[in-house]
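The values are calculated or read from the model by the stated rules, or taken from the named source; none is laboratory data. If you're wondering where the values come from, they're calculated on a predicted model, not measured in any experiment. Positions of Cβ are backbone-derived with ideal geometry, glycine not excepted, and every protein chain shown enters the neighbour counts. Accessible surface is based on the protein model in full, side chains and every heavy atom, while ligands, DNA and RNA are left aside. Shrake-Rupley method; radii C 1.70, N 1.55, O 1.52, S 1.80 Å.
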Amino acid sequence: MSTDQYINPIHDQNGVIWLDGQLVPWREATVHGLNYTLHYGLGVFEGVRAYRTDQRGACIFRLADHTRRLFCSAKIMRMPMPYTMEELNEAQRQVVSANQIDESYIRPLCFYTSHTMGIHAAGLQPHVLIAAWHWPSYMEPEVREKGVAVKVSSYTRHNVNSAMSKAKVCGHYVNSILAMKEVEADGYAEALLLDNEGYVSEGSGENIFIVHNGTLYTPDLATCLAGITRDTILTIARDCGIPTSEKRITRDELIIADEAFFTGTAAEVLPICSVDGIPIGEGKRGKITAQLQSLYFDTVYGRNNDYSTWLTPVDP
Ligand SMILES: *Cc1c(COP(=O)(O)O)cnc(C)c1O
């Protein structure tokens, strides 16, 4: 399946997808075009990863936390979840196991199909789909060392009372995509979005950290998603004695930071080498970034026993 990925489009692969309680052949996990989520964007999802560990085989990283966030997203969006958290934890494990991919990206999605096209979605039962595929690196692997060139987007991150930033919602990504397309057109690899008051919020799908005089700072959770990688990095940093602070960060604070990096399940720990063409620190991956990045990979690959409870073996 991992080789298929590069030959065939994502919908045309071998393997199975979990759809509403059953494993169905990959190519048959389809829905009708008159689909509420497709038309209006109301659906919630997760991005989860499994890594191949030496001792315990493939393990899903922070599975229970991702599933809990999916349920929070659904609650915020008033979507009644038709399964329990335990059922969806088990389903994710099953999908990875059935597809025999030990390094995988897992995508649970909760969406509505529709009887009518009215926006009220009254009485609709959400569907749940879980797919898993081989997705080794969000960008070219060298970027983990060299870092990304970032541009501040002219698009504002969602206001706390227009969208709900604690929820990982399909439609919210239009804002991320606008930002991404805008900066890509100018030759940048990632966008940084500011909140409606002009403070640093997050990347298109990643949280941001800066290092200043040995302290690690990240924006508080007012407008950015409560990233699980963000929480992992804060925990790892505190445990190894790096002072941390969650606070509002201004654009100029970012520019004069010693180091900066993004975090996310897909992006993992991604150094930021410049913002708007201005080098951050020495313009390459900083020392604390490198340290946290390496601790992060030790953790997800099960080489750090302190965090072994974060790993769920796919085949126990
Ligand atoms: C998913 C996501 C993140 C990263 O969250 P993780 O739990 O670390 O994967 C950050 N920002 C946005 C907008 C996201 O959707």
Which residue, Ser201, Ser137, Ser162, tops the fluctuation ranking in a GNM of the chain built on C-alpha contacts under 10 Å? Ser162
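With Kirkwood's inverse mean 1/r over C-alpha pairs for Rh, give me the Rg to Rh ratio of segment 185-297, two decimals please.
The Rg/Rh ratio comes out at 0.92.
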In a shell of Cβ-Cβ distance under 9 Å around Ala226, excluding Ala226 itself, what net charge do Lys and Arg (+1) and Asp and Glu (-1) give? +2
All aspartates and glutamates inside 12 Å of Lys247 as judged from Cα atoms, apart from same-chain residues fewer than 8 positions distant: Asp220
Modelled FRET efficiency - R0 22 Å, Thr215 with Lys284, Cβ distances, 0.05 increments: 0.65
GNM top mover of Arg78, Arg27, Arg68 - the chain, alpha-carbon springs below 10 Å: Arg78
Given bins 10 angstrom wide, list per bin the percent of all Cα-Cα distances in segment 1-127, short to long. 12, 39, 35, 12, 2, 0
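Taking 8 Å as the Cα distance limit and 6 or more residues as the minimum spacing, I'd like the relative contact order of the chain as a percentage.
20
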Of all alpha-carbon pairs in segment 9-67, indicate the percentage at a distance above 18 angstrom. 60
Which one, Val96, Val31, Val16, has the greatest fluctuation when you compute a Gaussian network model over the chain with C-alpha springs under 10 angstrom? Val31
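May I ask for the equivalent-ellipsoid semi-axes of segment 90-245, computed as the square root of five times each C-alpha gyration tensor eigenvalue and listed largest first in whole Å? Before the final figure, lay out the partial values.
Details: eigenvalues 168, 106, 62 Å².
Its equivalent ellipsoid spans semi-axes of 29, 23, 18 Å.
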From the square roots a ≥ b ≥ c of the eigenvalues of the alpha-carbon gyration tensor of segment 208-274, which class results: rounded (a/c under 1.5), prolate (a/b over b/c), or oblate? rounded
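Excluding Ala267 itself, calculate the net charge of residues whose Cβ lies under 10 Å from the Cβ of Ala267, where each Lys or Arg counts +1 and each Asp or Glu counts -1.
-2
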Determine the dipole magnitude for the chain: charges of +1 sit on the beta-carbon of Lys and Arg, -1 on that of Asp and Glu, nothing else is charged, the reference point is the Cα centre, and the result goes in debye to the nearest 20. 520
I want the local charge near Ile210. Using Cβ-Cβ distances under 9 Å, sum +1 for each Lys or Arg and -1 for each Asp or Glu among the other residues. -3
Considering every pair of different Cα atoms, what Kirkwood radius, in Å, is found for the chain? 20.3
Charge dipole (debye, nearest 20) of segment 198-316; +1 at Cβ of Lys and Arg, -1 at Cβ of Asp and Glu: 120
Bin by bin, in steps of 5 Å, what percent of the Cα pairs in segment 133-192 do you find, going until the bin that has the longest distance? 4, 16, 20, 19, 20, 15, 6, 1
Mind checking the per residue accessible area of the chain for me, 1.4 Å probe, whole number of Å²? 46
Which percent of the accessible area of segment 144-183 is formed by carbon and sulfur heavy atoms (probe 1.4 angstrom)? 56
So which aspartates and glutamates can Lys151 reach, going by Cα to Cα under 16 Å and dropping same-chain residues fewer than 8 places off? Glu182, Glu184, Asp186, Glu190, Asp195, Glu202, Glu206, Asp252, Glu253, Glu259, Asp276
Considering only Pro271, Leu254, Thr218, whose Cα is most displaced toward the positive end of the charge dipole of segment 160-316, charges sitting on Cβ of Lys, Arg (+1) and Asp, Glu (-1)? Thr218
Dipole moment magnitude, nearest 20 debye, segment 81-158 about Cα centre, only Lys, Arg, Asp, Glu C-beta charged: 420
Determine how many Å³ per residue the convex hull of the Cα atoms of segment 54-103 encloses. 83
Straight-line reach from Lys75: which lysines fall under 19 Å, measuring Cα to Cα and dropping same-chain residues less than 8 apart? Lys166, Lys168
If you take the beta carbon distance between Thr235 and Asp12 as r and set R0 to 45 Å, what does 1/(1 + (r/R0)^6) give as a FRET efficiency, to the nearest 0.05? 0.70
Taking the dipole of the chain about the Cα centre (Lys, Arg +1; Asp, Glu -1; charges at Cβ), the one of Ile242, Leu194, Tyr112 that reaches farthest to the positive side is Tyr112
